[in-house]
Amino acid sequence: MDATTMNPEGRAFSIKLWPPSQTTRLLLVERMANNLSTPSIFTREYGSLSKEEVRENAKQIELYAKECSKLILEVLKRGPITKVDGAKPTSKTFNEACETVFDISKGQRAFVEAEEAEELLRPLKEPGNSYTKICFSNRSFGLGAARVAEPILASLKDQLKEVDLSDFIAGRSEGEALEVMAIFSEALEGCVLKSLDLSNNALGEKGVRAFGALLKSQSSLEELYLMNDGISEEAARAVCELIPSTEKLRVLQFHNNMTGDEGALAISEVVKQSPMLEDFRCSSTRIGSDGGVALSEALQTFTNLKNLDLRDNMFGVEAGVALSKALAKHADLTEAYLSYLNLEDEGAVAIANVLKESASALEVLEMAGNDITAEAAPALAACIAAKQLITKLNLADTELRDEGAIQISKALEDGDAQLKGVDLSSNFMRRAGARCLTRAVVHKPGLKLLNMNGNFISDEGIDEVKNIFNEFPNVLGSLDENDPEGEDDNESGEGEDEGDELESKLKNLEVHQEDYWEVIMDNSKSENILKDFYIPNYILLPESEVRNASHIPSSPVLVFINSKSGGQLGGELLCTYGALLNKNQVFDLDNEAPDKVLHQFYSNLEKLKHSGDILASEIQNRLKIIVAGGDGTANWLLGVVSDLKLPQPPPIATVPLGTGNNIPFSFGWGKKNPGSDRQSVESFLDQVRTAREMKIDSWYITLRMRPPEEGSYDPTLELPHSLHASQHVYPTKKLNMEGCCTFQGGFWNYFSVGMDARVSYAFHSERKLHPEKFKHQLVNQSIYAKLACKEGLFCTSLLYPSSWNIAKLTKVRIMKKQGQWEDLPIPCSIRSIICLNLPSFSGGLNPWGMPSRKALHNRDFTPLFVDDGIIEVVGFRDAWHGLCLYVPRGHGTRLAQVKGIRFEFHNSAANHVFMRIDGEPWKQPLPVDDNPVVVEISHLGQVTVLATPHCRSTSIPESSSLVSHRDIEEDSRETEDSDMPRKFGAADKFRMSDDHLMP
């Protein structure tokens, strides 16, 4: 490369920049060879190269020298750097010319408007800039900011190669967000991009199509990220439709979306058209068996895959087997994340057998939580033994037990020198398996972590394991959640057959003799405890074969779990309950509606009872329901059981899996998210067995409003799922409004209106927008507290006008005696009203408190009883007022104790108000004319729950003269709306089919 340029005097001269002389090149290569082959801190970490290997790469080194020559030429062409006003010479121009990444994502999230955008994006307007990548993540662009960015981005079309627009519209309304996305899309249309990241924007189909112009112009993409974007079936189809070509695509990441099976079909089409794909992530996308098969078939159409992440889907066995066929095609696979796919033994064995013969460079293998038992251990062990480069192995939350753990240990013992992490937590493993595993990995030079927590290792076994790791204590993970009683012998001797069987299975394993016999003794322990909760298939599934019962369970249970609650805990609990009980008596509320489940279950029970089945009768008499989720989930199940009007309604136990957990806390189940391991679940089941039954009041709520003139009111936009649209007409009622919308529902803990509901709504909205942030209860509570401050709950009098006071928003009427309504005066300072049924609100606080003797006498108040047919009405001024609840005998402003209450919201300065039912908030529009919005609460009946000895709720003392349960039931039948259907709308009443009763 010869170059002619100007010297400082302005005269031309010629220099030779490339190639360097032969002597220079040989010296350069020799020095590199010496550096890379001589022992140093880097060679100890990464290994060294021989001189021959370095010389083979001399041509690559020459290429770098060529690039260096180009940069030298650019400096020479610019000429000398002149000083300005005595300032030192600066290389800023050179640095700016070489800078290729423009990133404004650092620091805290911030909203960006037009003025801020002008300043932030100024470097992009500099002539001659070399930016090829822009990152606008973590900044929320408004409409004005987008219009500022539009011409700037358009000017960079020819040079941009990578665009990161992840999380760049947070907190914006849907309309504004879509318009912002469309502006950015049109501005960037025509860019020849290699990488595009649109993650964390809650796109949905509308958002995907808003980026239509940009997506349609991309035919050279190598990386595409659409994570946590609310990609539904329709949105997935839109992605497939809009991108013209993915022939060059190497990375496709689609984590945490609502894709489902139908959406997976669309994604599979994209995968089929991506022959260069190396990194595919489609985890947590709600894909079931059909979608899993479709994706697996798509993965068979190319052979370049290196990283595969399909975690946390519902593939099942069929899709697992199909996936194994696809994996056989990918010999270069290095990372396989296949946890929580419901593979079971058959699917796991199929995959293990394929990986054993292929994927020789496999480094990461994760197959946790797949209902894998010791039967799959030989195949898994053979696969692991064949993978000499493996660095991370995760088989947590399975049922390998000691038998499987010992086989895995033997596979790890002889090889895997690169091993860095092993996770066999929650595997029902005991002392012998733990000892074998510890001995197998303790001397691995690169080992960073061994996790065996959540097993059945005794105290002695834990001491033994710690002693083995005496020289490397930081490598051994926590063992705090092991069951110290897991080593107990089985005194009944019922497990002898199990021991003999296990002995025969382990005969050919080369293990220490003491481990061998210890495994036999440990696994002989019977699991009779779980038989007390077990329901056989023929009771659960109508088409199953009827079998004679050998054991009548003392506490049969149906388990309903909200898999979305508690971060990952909901899904983990599903796996644990499904492993301990019959998986057909454990239901994911995200997939199965409880009313349909109970309809089918009780229909089958009645049919079996009619045919003389004793077990069916006993199960109906003893049945209990467990519901795991937040307060909204508990509300849902209570409403379903109430509406079904079952012949013998089962009592309900609540697992605290939400943020506040007021309902579980009220009945002694705690407010902290529970453990999801076997020990924790067995402990909870044991409490269910001994819990006492307790009646609590059910409160019926109706919401009536007239739709806006421009169209019908859409309840799905605002109202919680606990309120259901009603078509009932009130021909004789004075409150009936012609053409009004009526919604009905129920609650058991509280209804609130005002500032507290406003904060809850803000929290609810943020969680929908960024679900990835809400994975832990403590984090959720911290975010809730921050939002309370942000929403001004501590300084309402300064931030909000008096027109927001409850007294200015609504007229409140109460019914203390049946059929007698009266006005309830509300103090002007009150900004929140809570109608309270249980002694737990906002994470365990009791707003009613314990009235003093004076209050009991002078104001005719009573303590808070959960079954007295009376609801307590409490007011709060602001958050400072609420802090009094932390003081002994603290309470809010006690307004009344009533049998019914009615809120009438008329035209006012405010155009909306915030409301909340048992943790579910919504933003209620207020009338703009003379038609009121009416919320009425009345007593409906009672439901039975289960309470532990730590229960905070109290019932009416048997000796009390306050009221009887019979009086309560009679009062609830004499409400003003006695002609309307008295149900919550959560389920249709259970009726036994005549077909089931035919002989």
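The values are calculated or read from the model by the stated rules, or taken from the named source; none is laboratory data. It should be emphasised that the depicted structure is a prediction, and the values quoted were computed from it without experimental measurement. Virtual Cβ from ideal backbone geometry, glycine too; neighbours counted across all protein chains shown. When the accessible area is computed, the model is the full protein with side chains, heavy atoms only, and any ligands, DNA or RNA have been set aside. Shrake-Rupley method; radii C 1.70, N 1.55, O 1.52, S 1.80 Å.
A few comments on the model shown:
- Taken along the Cα-to-beta-carbon direction at a fixed 7 Å, the label points for H906 and Q108 span 4.4 nm.
- Sequence of W636, W922 when ordered by accessible area, the most exposed leading, probe 1.4 angstrom: W636, W922
- Dipole magnitude of segment 249-361 about its Cα centre (Cβ charges: Lys, Arg +1; Asp, Glu -1), debye to nearest 20: 320
- Of the whole protein surface, R250 contributes about 70 Å² of accessible area at a 1.4 Å probe radius.
- Solvent-accessible heavy-atom area per residue, rounded to whole Å², over segment 161-252 at 1.4 Å: 34
- Pairwise FRET efficiency - D590 versus K216, Cβ, R0 = 41 Å, nearest 0.05: 0.75
- If R0 is 30 Å, the Cβ-Cβ spacing of E346 and I552 corresponds to a FRET efficiency of close to 0.40.
- Close amide-amide hydrogen proximity is noted between A653 and I625, I626, V627, L946, each under 5 Å apart and 5 or more residues distant or on a separate chain (H modeled in the peptide plane; Pro and chain starts excluded).
- Residues S195 and D332, FRET efficiency given R0 of 25 Å [Cβ-Cβ distance, rounded to 0.05]: 0.70
- Along segment 860-868 the Karplus relation, 6.51 cos²θ - 1.76 cosθ + 1.60 evaluated at θ = phi - 60°, assigns HN-Hα couplings of 6, 8, 10, x, 7, 10, 8, 9, 9 Hz to successive residues, with x for each Gly and Pro.
- Global form of segment 218-356, assessed from the alpha-carbon gyration tensor, a/c cut-off 1.5: oblate
- Fully extending the segment from S765 to D860, taken as 0.36 nm per residue of separation minus the present Cα-Cα distance, adds 30.1 nm.
- Mean separation of Cα contacts under 8 Å, 6 or more apart, over the residue count of segment 556-714: relative contact order %: 23
- For the pair K923 and D823, label points projected 7 Å from Cα toward Cβ lie 3.2 nm apart.
- In Å², nearest 10: area of D756 left accessible to a 1.4 Å probe: 20
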